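Comments concern the structure below.
Rule-based calculations on the coordinates, nothing more; no lab input. On a predicted model such as this, the values are computed, not experimentally measured, just so you know. Neighbour counts run over all protein chains shown; Cβ positions are idealised from the backbone, glycine included.
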Amino acid sequence: MKKLTCLSILTYLLFIINSAEANQTLNEDNLENERILKIGVLLPLSGEFKDTGESFLKAIQLALYDISNKDIKIYPKDSKGNALSSYKSAKEFQELGIKIVIGPIFHKSLERLGELNKITFISLTNKTENIPKNTIAFGINIDSQMETLKNYFKKMKISKTLLLSPKSEFIYQSESVAKKDILQFYRVYSYDANPKKITGEIEKITKYRERKKDLERRIKILEKSDLYKHKQELKKLESMHTLGSVNFDSVVVIDFGERLKSVLTSFMFSDVSSKKINFFSINQWFDETFFNENAMQNLHFPSIDFHNLEKFEKRFEKRFKEKPNKVSILAYDALGLIYYCWINNNLNFKEDLLYNKKGFKGLHGKFIIENNISKQKLKIYKVEKKKFIKVN
């Protein structure tokens, strides 16, 4: 009986000791897990936008390398560039206990992410309409750009501005700009996206034919005169294409690439010089093909910190032996933002920390997050002599 009692006590003690060790190990594992910052990464890693997604992922990996903290873990998943795949991958993040995700890139991928209210998404989209409550639009949005232009226009005393945009693409941006009336445009025009029709539409906007006829009429009058001053004036007019000035002092064109070039070339052909009229566009991500176009000289646009972008590109190329997608600098900064909030809150990430009223400073520049939107303090650059020159 005594032997049985001793055996029972010994068995009980062994159970308690083993349980205590197990609990201690479990607690240590939980503590270790709590110290690890888990970040989901939701990008198109297959399909049409695979190259874009891979460039963004490498930018995040570069940020991870630069931070050099082993307690940060990223969990990449494929959004495939669509809403359904984004939702399915995000649900897997939720099952892993991940609370913060970088991505997706495209606005259309946000459609169902609002259902996953335990996760905060830092999306790289620049669209700010219909953003889910649990998502931050981290892209370079049109409001930040227009606010930057507004401040510059005040400084330069620009007052009569035309707003031009194509009738198809980017219409949501131009409508948003016109509706909010940040710049109080003098006139708003939508032009046909067909390059063959752009010149004719710009001629109408600038009243090119009327100014050309005015020149022809004046030349006919001067040709009948023998006065010296009229002959001098005639000599001057014969080298001109039109007579008289346009009724605006600046133009903002919401467009990109070859079509933007066509629009500005059409202004040049319509005898509207960039030396007299200020031409602006939205963020062009420093498109170097502009250097070879005469019409693009003196084009101004708001953008991120160009010097820092160059540094980012050099570091990216050195590490991955390829050039990055320029926009991927935002993914780099997104990881830096999450890390900053985590490390400055005793290794505890909370969504509220992203809304610090003092704002933040990343490689792309200063920004503050308000109402689920990153509001950036951008700079103004212009194209001049095959360089991007910061003017403000």
Neighbour-count order for 208, 340, fewest beta carbons within 10 angstrom listed first: 340, 208
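For 107, 230, what's the fewest-to-most ordering of other Cβ within 10 Å of each Cβ?
Working: 107 21, 230 14.
Sorted ascending by nearby Cβ count, the order is 230, 107.
Using the Cα centre as the reference, give the magnitude of the dipole from point charges on the C-beta atoms of region 183-275 (Lys, Arg: +1; Asp, Glu: -1; all else neutral), rounded to the nearest 20 debye. Show your work: numbers first, answer last.
Numbers: 20 positive and 14 negative charges, 61 e Å.
That gives a dipole near 300 debye.
Given an 8 Å cut-off on Cα distances and at least 6 residues of separation, report the relative contact order of the chain as a percent. Can you show the working numbers first?
Numbers: 633 pairs, mean separation 62.3, N = 392.
Worked out over the chain, it gives 16 percent.
Please give the charge dipole size of the chain, origin at the Cα centre, charges +1 on K and R Cβ atoms and -1 on D and E Cβ atoms. Round to the nearest 20 debye. Present the calculation step by step, with values, prior to reporting the outcome.
Working: 68 positive and 48 negative charges, 305 e Å.
Here the size comes out at about 1460 debye.
Roughly how many debye, to the nearest 20, is the charge dipole of region 47-94 about its Cα centre, given +1 on each Lys and Arg Cβ, -1 on each Asp and Glu Cβ, and no other charges?
Details: 8 positive and 7 negative charges, 40 e Å.
Here the size comes out at about 200 debye.
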Suppose the chain between residue 156 and residue 386 were pulled fully straight at 0.36 nm per residue; how much longer would it get relative to their current alpha carbon spacing? 80.5 nm
So the label point goes 7 Å from the Cα of residue 115 along Cα→C-beta, right? Which residues of region 51-94 then have their backbone N under 18 Å from it? 78-94
For 192, 249, what ranking results if the residue with the fewest other Cβ atoms within 10 Å of its Cβ goes first? 192, 249
Under the 7 Å Cα-to-Cβ spin-label approximation, residue 346 and residue 227 lie apart by a distance in nanometres of 8.8 nm
The extension gain from residue 313 to residue 65, computed as 0.36 nm times the residue separation minus the Cα-Cα distance, is 87.8 nm
Can you classify the chain as rounded, prolate or oblate using the Cα gyration tensor, where a ≥ b ≥ c are the square roots of its eigenvalues, rounded means a/c under 1.5, and otherwise it's prolate if a/b beats b/c and oblate if not? prolate
For region 116-130, in residue order, the Karplus 3J(HN,Hα) values (coefficients 6.51, -1.76, 1.60; θ = phi - 60°; whole Hz; Gly and Pro = x) are 9, 6, 8, 10, 9, 9, 9, 7, 8, 5, 9, 7, 10, 7, 6
Additional length obtainable on full extension of the chain from residue 218 to residue 320, 0.36 nm per residue less Cα span: 30.4 nm
What nm value, rounded to one decimal, do you get for the distance between residue 187 and residue 210 when each label is placed 7 Å out toward the C-beta? 0.8 nm
